[in-house]
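J.: The structure under discussion is supplied below as structure tokens; questions concerning it will follow.
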Amino acid sequence: MYQALYRKWRPKTFSEVIGQDHITQTLQRQVAEGRISHAYLFTGTRGTGKTTCAKILAKAVNCEHPEDGNPCGKCPACQGIDSGLFLDVQELDAASNNGVDQVRALQDEAVYTPANVKMRVYIVDEVHMLTPAAFNALLKILEEPPEHLMFILATTEIHKVPATILSRCQRFSFRRIQPRDIARRLALVAKEEGIELEAGGVEIISRLADGALRDALSLLDQCAAAGGAIDAPAVLEVLGLAGNLQTAEMMEHILNRDAQTALLLLDRLYHSGKDMGAVLSELSVLVRDLLLRLTAPEGGAALLSGGYDNAALDRLGRGAPASRFLYLADTLQRASASLYASVNRRLDTELCILRLCDEALCGDLTALEARVQRLEEEGLTAQPVQRRVEPAPAPAPEPEKKPAPPPVRKAPEAPPAPKPPEPMPKPAPADTPPWEESAPTPPKEAPVQEDAPLWDDLDAPPLPEPPPPRDEPGERYYDIPEDLLEPASAPPPKKPGPKPAPPAPAPAQPREPEPVQAEPEPPEPVKTEAPSPAVPEAPPPQSAGAPVLDGAGWRTLAEKCKGRLPPMYRAFLEMCTGVMEGGLLILFSPNEITQGRLDNDRVRSVLREEAEALLGTPVRITFRVGEPKPGAPQENLKSLLKFGRQFDNVDIQ
């Protein structure tokens, strides 16, 4: 009777096992030193030698004349185990004997000593198929078995085995066998069996085996039955993989972006009975091979599926970048995943083919990337970049048009100029002693004394009838030193510089009687004389080049912005402080939450528009967490004075 190749060529000793040296050497050393365990767990994919090693281990522990840990294969124990005549070594299938009753029967038999060999061995294949009750029944005897008992468990799904079983066994993980090891084994078997196996055929079979030597021997057995030399085309024909040629043809149309020809080929496959899911699966395997061959040309040969020869892979992978194959693989995987729940599988497959041929149809960033890549390949990227740069200077002058509002301020500045000095003659003489230091400034303004009678003739009340606070900034003095007072009044006179010049010395006229007291103090007048003549000239450049925003100005700006913002932003804006540095408005927030609520396009646009309308220059907005740097005492006093000028009934001294 004919015996399959994988059974006929099953290894008899540890040294004959292929590709599992890390396991066979350990087991062989344990047997040689007599340090065998009572329970082993072999895990790994199919066809990697789990059951084979279990049988070899069972023979090795019972062999009468072991040879360096290997069974001799000649003693009655080895021959009886190979023939299956000895019932002391049993191989159980947990898939069919997975109940608790079978495990209890095993426990009852295990207590008896073996009849023909030294140790009773139970090989339980597919142990993960046992029920939870069966696993629980196996725990006790597996933990404390008799001296003559050994368990060898084998499974392909280690994650289904309870941790209580794993902790009681020595675990050995079997690896997939490399294609080169499988190829050497196939060449040996073919030579011994008289099979004409060529290099192309053995390469494809070793890759199709997917790391399982048993599958490789079965494929060789199937190809040998067809007769003749076993080469690459013969293997594809016998194994029914001739359709891979059509898959490679479709991939060639996809890479050439020939959607029409690809759809026609898909239609032929559909009418020939080809499943649409199988088409996408074969395309995915081919794309994987192409990507591996492109990214790892040297060491990636062992990772290939083996369904395509090197010539086809070289032809398809020529000229295509790795990004294209990544896009193809991702699109095929998503289409295959959604195909199971599809109403019309053929339609979904056709749509997938269209997206594979043209990335612009996917509708995401991949489409834009594909278009840019095409432009780069065609060398047309220079023109679009130049066209985009041309309109850039156009929007630049737009922000310069916004400073137009400043001329509007000329109207309020002209009328209030002569009115505010009205109350000055009365408070000046009353409080002159505390501020005598600033008195030395009037002597330099002596030529302006001609206007004194004009101011003396005005009989208006001191404070009741001045214009509104916003119309008279910088005109009330309240007997404050001029070196602190004049900078605050600098912003109003932006352009009409010559007009405010006469009223500036007006308050100095009533103080003319006291210059005699201030002159005896030469050291202090030096401090006051320097700022007094320079103050009227310094503010204009400050307002034109670097707008100033003090505490009162920020409160005014914040109130204007609140009227345009929703209530959700008003409370957060109240918690912030604004500081103007050059053309940059910095908003200091107490914490990151407040900054996160305000740092958005809506709030930025409102703040920018109001600040530009208030300051008359373009303004940039930024947000920071923390407190602004404390200003100098003089600056704080200026802000307080400016804030107090908004109220008629407040007198700051």
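The values are calculated or read from the model by the stated rules, or taken from the named source; none is laboratory data. Small disclaimer: the values here were computed from a predicted structure and weren't measured. Using ideal geometry, Cβ is built from the backbone for each residue, glycine included, and neighbour counts are taken over all protein chains shown. Please note that ligands, DNA and RNA were not included when accessible areas were found on the heavy atoms of the full protein model with its side chains. Shrake-Rupley method; radii C 1.70, N 1.55, O 1.52, S 1.80 Å.
J.: Which of the strands (runs of 3 or more DSSP E) found entirely inside region 113-217 contain at least 1 residues meeting this: within 42 Å of the chain's Cα centre (by Cα)?
T.: Answer list for region 113-217: 149-155, 170-173.
J.: Determine which member of the set 376, 350 is in a helix (DSSP H, G or I) and either at pLDDT below 85 or under 16 Å from residue 286 (Cα atoms) (or both).
T.: Exactly one of 376, 350 is in a helix (DSSP H, G or I) and either at pLDDT below 85 or under 16 Å from residue 286 (Cα atoms) (or both), namely 376.
J.: Considering each of 604, 608, 570 in turn, give the residue that is open to solvent by 30 Å² or more (accessible area, probe 1.4 Å), farther than 22 Å from residue 552 by Cβ and out of contact with any Gly (no Cβ under 8 Å at 6 or more places or on another chain).
T.: Every option except 604 fails the conditions.
J.: Could I ask something else about it? Kindly provide the set of residues from region 168-207 that are open to solvent by 50 Å² or more (accessible area, probe 1.4 Å), within 27 Å of residue 43 (Cα to Cα) and touching a strand residue (DSSP E or B) at 6+ places or on another chain (Cβ under 7 Å), ordered by number.
T.: 168, 170, 171, 173
J.: Now for a separate question. Give me the residue from region 1-56 that is among the acidic types (Asp, Glu) and closer than 16 Å to residue 181 by Cβ and, out of that set, nearest to the chain's Cα centre (by Cα).
T.: Per the stated criteria, the residue is 21.
J.: Another question, then. Which ones in region 111-163 are without any contact (Cβ under 8 Å) to a residue 60 or more places away in the chain, of a type in the set (Gly, Ala, Ser) and surrounded by 15 or more Cβ atoms within 10 Å (Cβ to Cβ)?
T.: 134, 137 - these are the residues of region 111-163 that are without any contact (Cβ under 8 Å) to a residue 60 or more places away in the chain, of a type in the set (Gly, Ala, Ser) and surrounded by 15 or more Cβ atoms within 10 Å (Cβ to Cβ).
J.: Restricting to region 76-96, what's the tally of residues that are over 50 Å from the mean Cα position of the chain (by Cα) and part of a loop (DSSP other than H, G, I, E, B)?
T.: 5
J.: Going by what's in this entry, would residue 531 be described as in contact with a Pro (Cβ under 9 Å, 6 or more places away or on another chain), open to solvent by less than 20 Å² (accessible area, probe 1.4 Å), at pLDDT below 85 and not small (Gly, Ala, Ser)?
T.: Spelling it out, it is not the case that residue 531 is in contact with a Pro (Cβ under 9 Å, 6 or more places away or on another chain), open to solvent by less than 20 Å² (accessible area, probe 1.4 Å), at pLDDT below 85 and not small (Gly, Ala, Ser).
J.: With respect to the numbered conditions (1) part of a helix (DSSP H, G or I); (2) modelled with pLDDT under 85, which one is the sole condition not fulfilled by residue 240?
T.: That leaves (1) as the condition not met.
J.: Would you point out which residue out of 315, 257, 293 is among the basic types (Lys, Arg), in a loop (DSSP other than H, G, I, E, B) and either open to solvent by 20 Å² or more (accessible area, probe 1.4 Å) or in contact with a strand residue (DSSP E or B) (Cβ under 9 Å, 6 or more places away or on another chain) (or both)?
T.: 257 is the lone residue from the list that is among the basic types (Lys, Arg), in a loop (DSSP other than H, G, I, E, B) and either open to solvent by 20 Å² or more (accessible area, probe 1.4 Å) or in contact with a strand residue (DSSP E or B) (Cβ under 9 Å, 6 or more places away or on another chain) (or both).
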